[in-house]
Amino acid sequence: METNGAVVNAKENIISWYKDGRGGKPPTPPDHWNGNNARGALIARQGLFCAYCQVGLKLICPTTTVDHFRPQRAGEEDDHQGYLWLAFDWSNLYLVCDTCNKAKGTYFPLLDPAQRVAFSNRDDIDQEEPLLLDPSEPFPPDLVTLKLCDSFPFLLLEVNPNHPGAARATATISKLRLHGMGRTEWLKHRKKAVDKLFESLEKKREQGNSGPLPPSQPNRTKPDPQRRPRSRHFSRHAEPTNDPS
């Protein structure tokens with residue numbers, strides 16, 4: 001993928017705006033991250049799944065968007081000034097569903113607000129500890145438990161309160177509405193996938209090719225505390241060599 005000249009010019013304009021201390025309204029970069037080439041590169045990196053909720057995405061879908069994990073600009077209620085200099089940074093771009101994108105918005109608090117970096121000390125950005133979980137981070141297997149039930153919301157996410165990442169997991173689930181609010185179809189789809197899995201396990205057990213099902217099967221009216229959510233981990237550092245264009 002060749003570097004787009006407009007992207008290069010936009011990056012230079014953004015850097016100049018910061019260095020010159022112009023103030024006022026910052027420049028508006030072209031959204032090349034929404035182009036087919038950039039989306040294709042993101043799909044190759046993370047697969048056809050929302051980086052936040054893991055729902056399956058269609059290759060061409062009007063409700064699919066590219067999210068900046070660290071927002072370009074701040075909203076009225078945000079405690080940051082935006083990260084416009086990361087507008088074209090591959091490590092800051094994720095393909096996500098429209099529901100997650102709208103729920104997250106420009107929200108980006110830190111566990112310690114004093115660690116917030118600006119353009120002037122941007123090289124220290126790794127010292128920031130975002131409150132939201134970064135999809136590129138390995139997901140601890142004992143952080144969240146997936147419980148199943150036969151009534152809405154079908155899937156319950158229970159955070160381990162004793163885990164060091166409990167605050168981050170709780171904030172992420174709440175902000176992205178992963179507990180089910182406004183996600184009826186998504187939850188039904190997930191329950192259907194789980195039902196299909198257990199049907200497959202049941203057939204294998206009947207054929208003598210598998211051990212017994214989990215204790216909560218086949219009666220799953222009560223949550224199963226043993227089943228944990230699946231995490232599709234990918235490295236944000238395994239990036240394309242060129243700018244999104």
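Looking at region 54-83 only, could you name the residues that are under 17 Å from residue 130 (Cβ atoms) and either among the hydrophobic types (A, V, I, L, M, F, W, C) or not in a loop (DSSP other than H, G, I, E, B) (or both)? 67, 68, 69, 74 - these are the residues of region 54-83 that are under 17 Å from residue 130 (Cβ atoms) and either among the hydrophobic types (A, V, I, L, M, F, W, C) or not in a loop (DSSP other than H, G, I, E, B) (or both).
Would you say residue 88 is buried (at least 19 other Cβ atoms within 10 Å of the Cβ), assigned by TED's automatic domain parsing to the domain that holds residue 12 and either without any contact (Cβ under 8 Å) to a residue 40 or more places away in the chain or of a type in the set (Val, Ile, Thr) (or both)? It is false that residue 88 is buried (at least 19 other Cβ atoms within 10 Å of the Cβ), assigned by TED's automatic domain parsing to the domain that holds residue 12 and either without any contact (Cβ under 8 Å) to a residue 40 or more places away in the chain or of a type in the set (Val, Ile, Thr) (or both).
Would it be correct to say that residue 168 is touching a Ser or Thr at 6+ places or on another chain (Cβ under 9 Å) and either at pLDDT 90 or above or within 30 Å of residue 79 (Cβ to Cβ) (or both)? Taking the combined requirement at face value, the residue does not satisfy it.
The values are calculated or read from the model by the stated rules, or taken from the named source; none is laboratory data. All of these numbers come straight from a predicted model, not from anything done at the bench. Because the Cβ atoms are built from the backbone with ideal geometry, glycine has one as well, and the counts that use them run over all protein chains shown.
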